[in-house]
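The values are calculated or read from the model by the stated rules, or taken from the named source; none is laboratory data. These figures come from a predicted structure and were not determined experimentally. Note: ideal-geometry Cβ built from the backbone for every residue, glycine included; neighbour counts use all protein chains shown. Ligands, DNA and RNA are stripped out before the accessible areas are found, and what is left, the full protein with its side chains, is counted by its heavy atoms. Shrake-Rupley method; radii C 1.70, N 1.55, O 1.52, S 1.80 Å.
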Amino acid sequence: MSSALSVTACPSADARARAHPDPILNPPPIHCISLTNAEQSRPHNPTHQTKNKKQPPPSSAAAASLSAAAAAAAAAAASATDTSGALLLGNVRSSLIRQEDTIIFNLIERAQFARNDAVYQPGAIPVPPLTPPAIGDDNGASRPLPSPSQCSLLEYVLRETERLHGGVRRYTSPDEHAFFPDDLPPLVLPPLDYPSSALHPPAASRINANSRVLQAYLDSVLPALTSQGDDSNYGSAATLDVLCLQALSKRIHYGMFVAEAKFRAAPEQYGALIRARDAEGLMRLLTDEAVERKVVERVTRKAATFGQDIVDGVAAAGAGAGAGAAGAGAAAGAAAAAPSPQLPKFKVPPHALGEMYDKVVMPMTKDVQVEYLLRRLDGVEA
């Protein structure tokens, strides 16, 4: 007798597997279980299956309950609104501080692997073809995607991640910006309304600094935090790179919220510079060196605290984590120069993360602020 069930590879997964046999980049295909022709034509046998009884229709009360639940879900989806208040100007500072934690943790995680330059070189690591736009997706439909030989592993992982996240409306939020916005798919979830967003739409909608974020990450951040070499952990490096890039992008684009708050605090002063198209004057006005020094010190202290090896409740190599930013940086530098059991052991030198904020994150954030302010009066004045 023929088997009752057959197992076949789902076409989409099988096609992807043929495109690239690497079990890491292309895991074994998901299998679909389907009835064979023999099973479909087999006469009923009570020893093999339970008699197929016709189920009675649901009661009117149950049907009404299901209809009410479906109607409530549809109404909730149609009127989905962000009620978190996270994008209110009054919450900007606390959000920036939380984002520091995310950035520091992600960079510490990335630093455990070698540089792995092959991850960033197009064609160095074979990748499958990029996912094409979905049917009905007009974003980039007329623009060809890079071929596998033109695509680095980082670009492949970043593009595919953004397509997944884009479908569940990540990039409809005013504080999120895609690195490849033209390749985002149609939404799976209905879009949210963001009544709490304080940004000026004609200005905010035209700013995306991610090409500069990516270049700064590859040129400055990675060399400062990772050791030169290749440990073959390409997938781990690329996925952690994506987390780092997303966190840095969010933090840098948050400069628009900071700029909006400063504009509202002194509209006449900023307005005059905007009308004069004085970018240098805007940069001088929004720069607060004392605040920037405090940010660098806070980031360095956090890096020292988060990045220590702790054994049985104490620092692995001794005390010193609470010495402040300068002390943490000096301790890290001394440890690198002359290892000593009296100095704390850090996963990443704290001063390197503080310097990254000072030389990369804050300058790029201020560039975004100036770009936003120069457009702040668009649609407001003739």
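Solvent-free Debye calculation, one equal scatterer per alpha-carbon of region 172-251: log10 I(q)/I(0) at 0.24 Å⁻¹ equals -1.29.
Label-to-label distance for K294 and T102 is 2.3 nm, based on points extended 7 Å past Cα in the beta-carbon direction. Length gained on full extension, T287 to L187, computed as 0.36 nm times the residue gap minus the Cα-Cα distance: 32.1 nm.
For the residue pairs K294/K359; K250/K347; K294/K345, the C-alpha atoms sit more than 22 angstrom apart in K250/K347; K294/K345.
Kindly state, to the nearest 0.05, the FRET efficiency for D378 paired with S232, given R0 = 56 Å and r defined as their beta-carbon distance.
0.70
Assuming R0 = 25 Å, what is the FRET efficiency of T305 and N91, from their Cβ-Cβ distance, to the nearest 0.05? Efficiency for this residue pair is about 0.55.
Sorted largest first by accessible area at a 1.4 angstrom probe radius, with every protein chain in place, the residues H351, H165, H177 fall in the order H351, H165, H177.
Close amide H partners of D193, meaning residues 5 or more places away or on another chain with modelled amide H under 5 Å apart, are T81, D82.
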